Structure formats: structure tokens, C-alpha cells
1. Pairs needed: first member in the stretch 115-134, within 14 Å of I174 (Cα to Cα); second member anywhere, modelled with pLDDT under 85 and buried (at least 20 other Cβ atoms within 10 Å of the Cβ); C-beta distance under 6 Å; at least 6 residues apart or different chains.
2. Give the residue that is farthest from D231 (Cα to Cα), with candidates limited to residues of the stretch 249-277 that are touching a residue at least 60 places away in the same chain (Cβ under 8 Å) and among the small types (G, A, S).
3. Consider the stretch 169-183. How many of its residues are part of a strand (DSSP E or B) and touching a Ser or Thr at 6+ places or on another chain (Cβ under 9 Å)?
4. Considering only the stretch 100-109, I want to know if a residue exists there that is modelled with pLDDT under 85 and either closer than 19 Å to S183 by Cβ or not hydrophobic (A, V, I, L, M, F, W, C) (or both).
5. In the stretch 50-99, which residues are hydrophobic (A, V, I, L, M, F, W, C), part of a strand (DSSP E or B) and at pLDDT below 85?
6. Considering every residue within the stretch 252-267, establish whether at least one is under 15 Å from D181 (Cα atoms), surrounded by 14 or more Cβ atoms within 10 Å (Cβ to Cβ) and at pLDDT 90 or above.
7. Of all residues in the stretch 237-251 being under 23 Å from S271 (Cα atoms) and buried (at least 20 other Cβ atoms within 10 Å of the Cβ), which is modelled with the lowest pLDDT?
Amino acid sequence: MKVLLLRLCVLFLAVAGEETGLAGTQTQVVTYIVKTQDERENLRFTLTEWLKIKERMKMMDVWLAMTSSPKDAEGFSPELSLRWSLLQGAATSAGLPAYTAEQRQADLVLANIVNKTFGVRTLNIDLGVEGQDRRPTGHALQPAASGDELTLAEASNFGLLTPSTQLGAMTLRIFGKNVQDSSLVLRYGQFSGNERGLGQGFKGKVVGGSMVLYLFNWFGLEGQGNAYQVDGPATTTTWQKGVFGEYGAFVEISLLRFTGGMFQERWIGGSEDAPASLGRRGYVSGVSLHL
């Protein structure tokens, strides 16, 4: 429609110019119309054009982030988190006593170390290391012949199933800019444990992850979980595999985070002749410091 109107105007001016002999005036008027329309179209705001520009700007930001010089990025800035938790619950298996344990956790995130060391630009991907130590604090019942070696099945009858675990792992933060941001962290490493009352240790590999989601600047949700796989053949005195998870909400005041929620744990072990399993769940509360 716009092109048609412009042609009609040009035709009208051409006819008028031939009748009056004002060919130069005709050319100036046509030039003025075309030039004015081009300028106004370039300055005109349209929703479609605005969306196109916004999309192009987004693509340019991604390109700049991937190709900009690492020296312009943030330097190496390690982040440390320390956490203490208290677990209180009951075993889901009949005949086992209440469970109380303390858990200590330390996380060191080597933020921007890839940028600084290798000169490779990454988008919110940071390496780190982590350590956990969980030990029961409740008193286990003692068997009549405490000096005898017990199997897992026999120990469960005496209420001695209170394993402690320690782990060391490498972490990979694939989402989140710092320790006080919504984040997703993966972990892989080694763990060791000891079954109280059995005098039998076990060790193996652990994989897991943790997630933090801020709903407000001071309040959010968090959770973490681990899966344990014991090395070596199964015996009647060691566990074979286990899982542990906790989830809850937190309130954050400056560098401190206060957490409350639930936990669940399950271990499977023994042999075909003497299988044993342990499950427990309860409440977890804790406080963490983020530096």
C-alpha cells in the first residue's frame, strides 16, 4: 500500500510537471518525499523491530562472553563454605534405637581458576574440592559377648548399626556465580566408613550433587544427596551400597545461613545367606558460614 501511494504521488507530480513545464521542481519534490520517508522509517519504533534488536543484542552478549580476553574477566577468587549439621531421627527397621549424628562439611570453590590459569573463557563453571564427616553421637546397645565378631544381620539384632562416613570429592559447579547464589553442584570422589559395633571398615566411590534455589534475597530452598558404592566383594560384615539425602529451607543473614529440613538414609549389605539393610529418616538442622 505504501509503495502504491508513493507511485501515485510520483505519477501525479509527473503529469503536473509536464503540463506546467516544471520538471526540475518535480525531481526535487520526489527526492524530498523519498528521503523523508526513508528517514522516518529508520526512526520509527515498531514492536517487531524492537524484538529483533533485543534478540541480536542477546546473541552479541553471548559471543562477547565466549570470545573476550580472559584478562578482562574476573581473577581467581576462591570461595569457602563451612557447615555444621545435627541429624536426629529414627530407624525405619524395627528394633533399632533412635539416631543422632553430627555432620561437618567444608567446600572450597576455585572460582575462575580456569580463566586465570589456562586462559579459557568459561560460563559459570567452577571447580572445587569438598570434604564431609558424619559421625553418630548416640550410644549403641552392647551385645552380651562384645568381643565376638558379628555379622550385619546379628548386629542389627543388637542395634549396633550406626555407620559413620567420611568423604573427599572433586566438585563442579555448573550453575551459579558464587557460593551465595542459586547454584547446581556435582561431586565425585572417595569415601570411607566404619560400622560401630562391628569393628569393620569399608570404602568406595561416591557420586552426588547439591542444589540451592533462592526464592527471595534472604530465603530459599536447598538439598543434597550422595550415592555410595563399596569397593570389593560383599561380605557378611560390610555394606555393599548406600544412599543419603537431605532437603529443606534456609534463612540467610549476611554470611550466615540457617537450615532446617529432613533427611533419609539407606544401606544394603551382607550376603545372600545373611542379608542386612538399614534405613533411617528424621530431621536435620544446621548453620553454615560462606566466605
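The values are calculated or read from the model by the stated rules, or taken from the named source; none is laboratory data. Small disclaimer: the values here were computed from a predicted structure and weren't measured. Every residue, glycine as well, gets a Cβ built from its backbone with ideal geometry; the counts of neighbours run over all protein chains shown.
1. Short answer, once both residue conditions are applied: D126/A111.
2. That would be A274.
3. 5
4. no
5. Hits for the stretch 50-99 are A90, A91, A98.
6. Within the stretch 252-267, one or more residues are under 15 Å from D181 (Cα atoms), surrounded by 14 or more Cβ atoms within 10 Å (Cβ to Cβ) and at pLDDT 90 or above.
7. Of everything passing the filter in the stretch 237-251, T237 is modelled with the lowest pLDDT.
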